[in-house]
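Below is one structure; the comments refer to it alone.
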Amino acid sequence: MKTHLNRRRRKLPARAGTSTVEMALIAPVLFLIIFGLFEISFGYMVHHLIQDAARQGCRTGIRYKSTNAAVLSTVNALISAEHIQGATTTVLVNNAVADVSTAKVGDQITVKISVPASKVTFFPTTGYLKGTLSAMCTMRHD
């Protein structure tokens, strides 16, 4: 009867816990890479969104009888719709801070938007994004 029990028993290989130890060593590095990809992709997305907001604000600013309030309203509506906090918008006429209502035909209207990276980070403790994300658009006044 003893021989029958011994035949049913499986022998474990000598390296039974190796895969568990390897996974425990590789998992933090793998998660660090994945979180970095998320963070950098999110930064590119926010940069694209503020670039589009600057372009739309500039299109509003080049219209006849437009004002800075209209430009800021357009930019803020687009930025707040995407839940971006802490953005700073600057409206320039011929590279000087001025109201677009004073611009003449052919003047350059520039809209600059900047957002601190700390305000748009997906994982605040990782520190992948640093500095400021900024976008600018320049068009000629109609």
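So which trypsin sites (Lys or Arg not before Pro) in segment 67-142 end up in coil per DSSP with only 13 or fewer other C-beta atoms within 10 Å? Hits after loop and neighbour filter: Lys104, Lys130.
I'm spelling it out carefully: the read-out is semi-axes √(5λ) of the Cα gyration tensor in Å, the candidates are (i) 60, 12, 10; (ii) 21, 19, 16; (iii) 30, 16, 14, and one was derived from this structure. Which label? Looking at semi-axes √(5λ) of the Cα gyration tensor in Å for this model, the match is (i).
Protein heavy-atom accessible surface, 1.4 Å probe, per residue over the chain: 71 Å². The largest accessible area among Thr88, Thr110 belongs to the first residue in Thr88, Thr110, and the rest follow in falling order (1.4 Å probe, all chains). Note on the chain: with neighbouring protein chains present and a 1.4 Å probe, carbon and sulfur make up 59 percent of its accessible heavy-atom surface.
The values are calculated or read from the model by the stated rules, or taken from the named source; none is laboratory data. The structure presented is a predicted model; accordingly, all values stated were derived computationally and were not measured. Heads up, the Cβs are rebuilt from the backbone with ideal geometry, glycines too, and the neighbour counts pull from every protein chain shown. With ligands, DNA and RNA removed, areas are computed over all heavy atoms of the protein, side chains included. Shrake-Rupley method; radii C 1.70, N 1.55, O 1.52, S 1.80 Å.
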